[in-house]
Structure formats: C-alpha cells, structure tokens
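In what follows, a single structure is set out as structure tokens and then discussed.
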Amino acid sequence: MAIKIAVAGVNGRMGRCLVQAISAPDSGCVLSAATEAPDSSVIGADAGEIAGVGKNGVTVAASLAEAGDFDILIEFTRPAPSLSDLAFCAARNKAVVLGTTGFSDEEKKVISETAKTVPVVFASNFSVGVNLVFKLLDMATRVMGNTADIEIIEAHHRHKVDAPSGTALSMGEAVAHALGKNLSDISVRGRDGITGERPHGVIGFSAIRGGDIVGDHTVLFAQDGERVEITHKASSRMTFANGAVRAAAWLSGKAPALYDMQDVLNLR
C-alpha cells in the first residue's frame with residue numbers, strides 16, 4: 001500500500017518539486033494532503049495542478065488540521081510553521097521528514113524532544129550526493145585536517161534567508177567532529193577589515209547569494225604546495241525532493257527517534 005504523504009508549503013519551489021517526486025510511478029508514495037499559508041491565493045486549489053502534474057484531487061488547505069489524512073509529513077518551509085506542524089504531528093502520531101533550515105539551538109532541542117514521540121528524519125540537505133560528501137569530508141579531515149587550513153564556501157539563490165546554509169554548517173560539523181572539536185569553538189564567519197594572519201585550526205565560512213543558484217558547496221583543504229577541494233553542485237531542486245521522498249519511504253514503520261540522511265542511506 002502506498003504511503004500517504006502530506007506536503008507543507010506546496011506552492012513554494014520545493015513544495016512543487018516534492019509533489020512531482022511523490023507523483024513518480026516508483027515513489028511508493030501518494031500525495032494525500034497539502035497545505036499553504038492561510039493568506040495564500042492557492043488555498044482551495046488542486047495541489048497537482050499547482051505542481052504541474054495534473055489534477056490529483058488533493059485540495060490545498062490552510063493548515064494540517066484542515067487537510068486530508070496522511071502517514072508522513074514532508075516539510076521544507078520556515079522554522080516557525082515547521083515547529084507548529086511538528087507539534088501537530090507529534091500529537092497525532094504522524095512521522096515527519098524535516099528539511100527546513102535556520103533553526104536556533106533551542107529549536108533544534110524541541111525537534112530532538114519531539115523525535116522521542118514520533119520518528120523524524122531531520123537533515124540540512126536531502127541530496128544523496130551531498131550526504132556522500134559528508135562521508136568524504138570525514139576521510140579527508142582525518143588525513144589532512146591537522147595540517148591544512150579549512151574553508152567552506154557556499155552559494156545560493158537571492159531568496160535564501162539564512163547564512164551560512166544549513167548544509168555548509170553540517171559540513172563544518174562533519175569536519176569538526178573528525179577533528180574531535182566543537183564547531184562553535186573553531187568557526188570563523190564574515191571576515192572584514194584588518195583581520196591579521198589566519199590562525200591555524202579554525203574553519204572559515206563564506207556565503208554567496210545571487211540569482212537562482214540552487215546550491216553550491218565547496219570544502220577547501222589548503223596547505224603549502226597543494227590543496228584538496230571537495231565540491232557538490234546542485235542543478236535542480238528535484239535532487240532534494242527525490243531524497244526527501246526516499247527518506248519518507250524509509251521512515252515508514254520506524255520507531256520514534258531522530259534520524260538523518262546518513263541513516264536513510266546506510267552511510268554510518
């Protein structure tokens with residue numbers, strides 16, 4: 001039986017991609033509910049038509065409480081509505097695939113606590129390629145991390161509201177973990193003016209915003225005489241949507257816990 005999926009923020013770019021991914025014949029899922037902000041002009045419209053896959057009979061609602069029944073929610077919106085939807089799902093024993101970024105540390109604790117009640121896949125990036133990069137970063141750091149200067153450069157479209165990106169921070173966390181350190185203790189952001197020489201042992205972040213860049217990330221390991229660059233470039237949001245639907249299929253029937261894409265892809 002197909003897994004019934006709800007998509008929040010269905011009129012956004014990721015929302016439309018998610019509906020398209022769910023509609024693929026081999027997804028193992030079916031769209032059964034869709035929501036948008038209460039003041040959206042698409043409330044009452046057909047979610048399939050919005051996503052360009054044809055009418056599917058799913059009417060866009062102003063909240064999950066007004067939407068159809070579902071097994072798993074997939075959410076890529078903003079922190080505040082995501083936390084509200086997470087609480088709704090926890091109260092009704094619904095699993096969640098959460099791709100929203102920009103949460104504070106306190107908000108992340110709320111997500112962790114909720115995952116004790118219902119299963120949650122929470123990841124900064126649902127791309128299969130990016131999650132492979134996390135594994136490669138662990139290897140590179142263990143070989144070069146104690147001698148190289150490490151910089152993380154990311155680029156996204158002009159509409160992205162948080163920086164550094166959630167993916168860039170996750171990359172930094174992967175590097176810091178391999179070094180046996182906390183990222184918050186060694187990260188450097190927003191250099192400006194007379195900064196002095198670069199100290200050893202820090203991880204620098206640079207964020208670029210412009211145009212319609214879907215998402216580029218590079219981790220640079222630079223030392224005298226050579227450098228290694230590990231790069232991932234996304235050319236379509238469908239790579240994130242396909243990964244999220246894959247995560248939803250994997251999550252079905254799992255016990256309450258906080259999972260990520262490393263779990264989904266068996267990369268641990």
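Every read-out reported here was derived from the displayed coordinates using simple, explicitly stated rules and does not represent laboratory data. Keep in mind that what you see is a predicted model, and the values were worked out from it rather than measured. Glycine gets a Cβ as well: all are built from the backbone with ideal geometry, and neighbour counts include every protein chain shown.
The residue among Val128, Leu86, Ser63 whose Cα reaches farthest toward the positive pole of the charge dipole of the chain, with charges on the beta-carbon of Lys, Arg, Asp and Glu, is Val128. Candidate cross-link partners of Lys116 among the lysines, defined by an alpha-carbon separation under 16 Å and a same-chain spacing of 8 or more, comprise Lys94, Lys108, Lys254.
For the range 1-112, what class follows from the C-alpha gyration tensor (a ≥ b ≥ c being the square roots of its eigenvalues): rounded when a/c is under 1.5, otherwise prolate if a/b is larger than b/c, else oblate? Since a/c reaches 1.5 and a/b is larger than b/c, the shape of the range 1-112 is classed as prolate. Quick one: Debye curve from the C-alpha atoms of the range 66-184, no solvent, what's log10 I(q)/I(0) at q = 0.09, 0.11, 0.21 Å⁻¹? After summing over all Cα pairs, the log10 values are -0.31, -0.45, -1.21. Before rounding to the nearest 500, sum -39500 (n - 2.57) across all DSSP H runs of length at least 4 in the chain and divide by the residue total; then give [θ] at 222 nm in deg cm²/dmol. Theoretical 222 nm ellipticity from helices: -10000 deg cm²/dmol.
For the options Val118, Val143, Val128, a Gaussian network treatment of the chain with springs between C-alpha atoms closer than 10 Å singles out Val143 as fluctuating the most. For the options Glu197, Glu151, Glu36, a Gaussian network treatment of the chain with springs between C-alpha atoms closer than 10 Å singles out Glu197 as fluctuating the most.
Taking the charge dipole of the chain about its Cα centre, with +1 at Lys and Arg Cβ atoms and -1 at Asp and Glu Cβ atoms, the residue from Gly44, Asn266, Ala163 reaching farthest to the positive side is Asn266.
Build a GNM of the chain with springs between Cα atoms under 10 Å apart, and of Ala255, Ala241, Ala176 the one that fluctuates most is Ala255. Specify whether the C-alpha gyration tensor of the range 128-234 places it in the rounded, prolate or oblate class, a ≥ b ≥ c being the square roots of the eigenvalues: rounded for a/c under 1.5, otherwise prolate if a/b is larger than b/c and oblate if not. Cα axes put the range 128-234 in the oblate bin. Each of Ser252, Val10, Thr114 was scored by the projection of its Cα onto the charge dipole of the chain, and the greatest displacement toward the positive side belongs to Ser252; charges sit on the C-beta of Lys, Arg, Asp and Glu. Working from Cα pairs under 8 Å separated by at least six residues, relative contact order for the range 128-234 is 40 percent. Placing unit charges on the Cβ atoms only, positive for Lys and Arg and negative for Asp and Glu, gives the range 128-234 a dipole magnitude near 200 debye about its Cα centre.
For the chain, a crude dipole built from +1 on the beta carbon of Lys and Arg and -1 on the beta carbon of Asp and Glu, taken about the Cα centre, is about 320 debye to the nearest 20.
Compute the Cα gyration tensor for the range 103-144, then decide on rounded, prolate or oblate, letting a ≥ b ≥ c be the square roots of its eigenvalues: rounded whenever a/c is under 1.5, prolate when a/b is larger than b/c in the other cases, and oblate in all that remain. Judged from the Cα gyration tensor, the range 103-144 comes out prolate (a/c at least 1.5, a/b above b/c). Each principal axis of the range 12-65 carries a Cα extent, and these read 34, 21, 18 Å when sorted largest first. Asp138: net charge of surrounding residues, Cβ under 15 Å, Lys/Arg +1, Asp/Glu -1, itself excluded? Result for the local shell: +2.
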